[in-house]
1. Residues 468, 447: which one is in contact with a helix residue (DSSP H, G or I) (Cβ under 9 Å, 6 or more places away or on another chain), assigned to a strand (DSSP E or B), closer than 22 Å to residue 288 by Cβ and assigned by TED's automatic domain parsing to the domain that holds residue 319?
2. Inspect the range 188-211 for any residue being at pLDDT below 80, in a strand (DSSP E or B), in the same structural domain as residue 81 (by TED's automatic domain parsing) and over 27 Å from residue 432 (Cβ atoms) and give the result as yes or no.
3. Here are some residues: 371, 344, 405, 426. Which one is surrounded by fewer than 19 Cβ atoms within 10 Å (Cβ to Cβ) and in the same structural domain as residue 328 (by TED's automatic domain parsing)?
4. Restricting to the range 133-161, give me the number of residues that are at pLDDT 75 or above and crowded, with 22+ Cβ neighbours inside 10 Å.
5. Return the residues of the range 260-278 that are over 23 Å from residue 439 (Cβ atoms) and crowded, with 23+ Cβ neighbours inside 10 Å; say none if nothing qualifies.
6. When you look at residue 305, is it in contact with a helix residue (DSSP H, G or I) (Cβ under 7 Å, 6 or more places away or on another chain), buried (at least 24 other Cβ atoms within 10 Å of the Cβ), under 21 Å from residue 448 (Cβ atoms) and modelled with pLDDT of 95 or more, yes or no?
7. Within the range 416-444, how many residues are farther than 24 Å from residue 365 by Cβ, outside any helix (DSSP H, G or I) and either in contact with a helix residue (DSSP H, G or I) (Cβ under 6 Å, 6 or more places away or on another chain) or free of Cβ contacts under 8 Å to residues at least 24 places away in the same chain (or both)?
């Protein structure tokens, strides 16, 4: 007798406390899949149910060997149940279907046809595309729409509806992304789609009919809030901490032996602020401790600083340290929030400062901002647009990476949190304008602390990052309003930094060595 054909389709059904109807629902799924005409298996994962869900499902499995029952000893969450099913599945295609059959199993066939017709890697049943039907309580519908709006803003995925229980994906794609998913509960679907999108998978949506027969919204307000918290964590892992970087690198096959080393730009800020600062920066650059420096166009010693660079460090990568707030940072930030100065005026200021650098014999490759003028996305966008128009290739991403601080003590923590919070609105702007940008910034002193402890944040090494220092040499001749940084300590820190980075395998580069996005405006 020949062995049964291996399944072409594996349907993963997460279940929790479904004893009342799981047997009938499994029979209905069997009948619906039989009509597709392909070998299949059903993997019901009992997620620590408190009732007889597993026993009822096993009764069906004894009658039909295409049903397999998997069990969690305790409730671990729907996402964990789906991950368990994915690990056990044998089919080339995987389908996810909720055990309550809020979406009927008959919907699998048309979604599968849509997936194959479009050559997609992942297909999602959607309540918000033409042809979809919803029969749900208004409370659940309202919560769904709120969540939809939030995820659309945060993740910008190619599909609108992330949370429907019906999805189809190729098993090879699941093998790459499912192990990288962190959450086990509410935001599992979001992470699945986010990681698939990051890998370049083709994702399509097809209409489904959602029929909720229960009384009231099962998710409830508490579940909705927990879902929102889970989603916020996923967003911070992705955009704030770059925590998915190593897993995505492994999925792409770029984390194998011989892969490129982690990359960092080491920048010295405030060139042109004072003679002592200029000496400290140029000496550090000449000694190979810096790969870039930011020149302050309107600084007191800007002209002399440019001459020092031409004479002692002609190959130094120079960025323009834009001073957009000459009348005070508080006044500028308030005004720019209200729309003053205009975008045209901002771009004119950027253009003038880049032109001054060129007149003095400097060849700037990128821009950043003095006094945190990049806090507001409107300002950041205007600077990016003008930098691109002037032929520059990069812009700083003023967001902490690897730590929630920028500097020592409480002031450094507050500054880091502020930059991280405002940075959420700036993500994606460099890419939109075709500009190279490190993933974020970190203080040189913080990097030294990590190196000495031997504990480096994974997020820090996942993508190119920028280390910022403010060295000085000689007497303290820094203007009074700029004395919040211990510049002598930063100069000492820079002396040992290259060795510590080399020991960790970090490759030091300048802005022109960073990848420039192919897509831009």
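1. Numbers: 447 fails: assigned to a strand (DSSP E or B).
On inspection, the qualifying residue turns out to be 468.
2. Of the range 188-211, the ones at pLDDT below 80 are 198, 211.
Cutting the leftovers down to in a strand (DSSP E or B) gives us 211.
Within this subset, residues satisfying the condition of being in the same structural domain as residue 81 (by TED's automatic domain parsing) are 211.
Remaining after also requiring over 27 Å from residue 432 (Cβ atoms): 211.
Scanning the range 188-211, I find at least one residue that is at pLDDT below 80, in a strand (DSSP E or B), in the same structural domain as residue 81 (by TED's automatic domain parsing) and over 27 Å from residue 432 (Cβ atoms), so the answer is yes.
3. Sole residue among the options that is surrounded by fewer than 19 Cβ atoms within 10 Å (Cβ to Cβ) and in the same structural domain as residue 328 (by TED's automatic domain parsing): 344.
4. Count: 1.
5. Once the filter is applied, which keeps residues that are over 23 Å from residue 439 (Cβ atoms) and crowded, with 23+ Cβ neighbours inside 10 Å, the range 260-278 yields 271, 272, 273, 274, 277, 278.
6. Values: in contact with a helix residue (DSSP H, G or I) (Cβ under 7 Å, 6 or more places away or on another chain): yes; buried (at least 24 other Cβ atoms within 10 Å of the Cβ): yes; under 21 Å from residue 448 (Cβ atoms): no; modelled with pLDDT of 95 or more: yes.
No; evaluated as a whole, the condition is false for this residue.
7. Going through the range 416-444 one residue at a time, the tally reaches 1.
For every residue, the table says whether it meets (1) within 17 Å of residue 168 (Cα to Cα); (2) in contact with a strand residue (DSSP E or B) (Cβ under 6 Å, 6 or more places away or on another chain); (3) not in a helix (DSSP H, G or I).
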{"site": "18", "(1), (2), (3)": "no, no, yes"}
{"site": "23", "(1), (2), (3)": "no, no, no"}
{"site": "31", "(1), (2), (3)": "no, no, no"}
{"site": "38", "(1), (2), (3)": "yes, yes, yes"}
{"site": "41", "(1), (2), (3)": "yes, yes, yes"}
{"site": "49", "(1), (2), (3)": "no, no, yes"}
{"site": "55", "(1), (2), (3)": "no, no, no"}
{"site": "61", "(1), (2), (3)": "no, yes, no"}
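The values are calculated or read from the model by the stated rules, or taken from the named source; none is laboratory data. Keep in mind the model is a prediction, meaning the values are calculated, not measured. For neighbour counting, all protein chains shown are included, and Cβ atoms are generated from backbone atoms with ideal geometry for every residue, glycine included.
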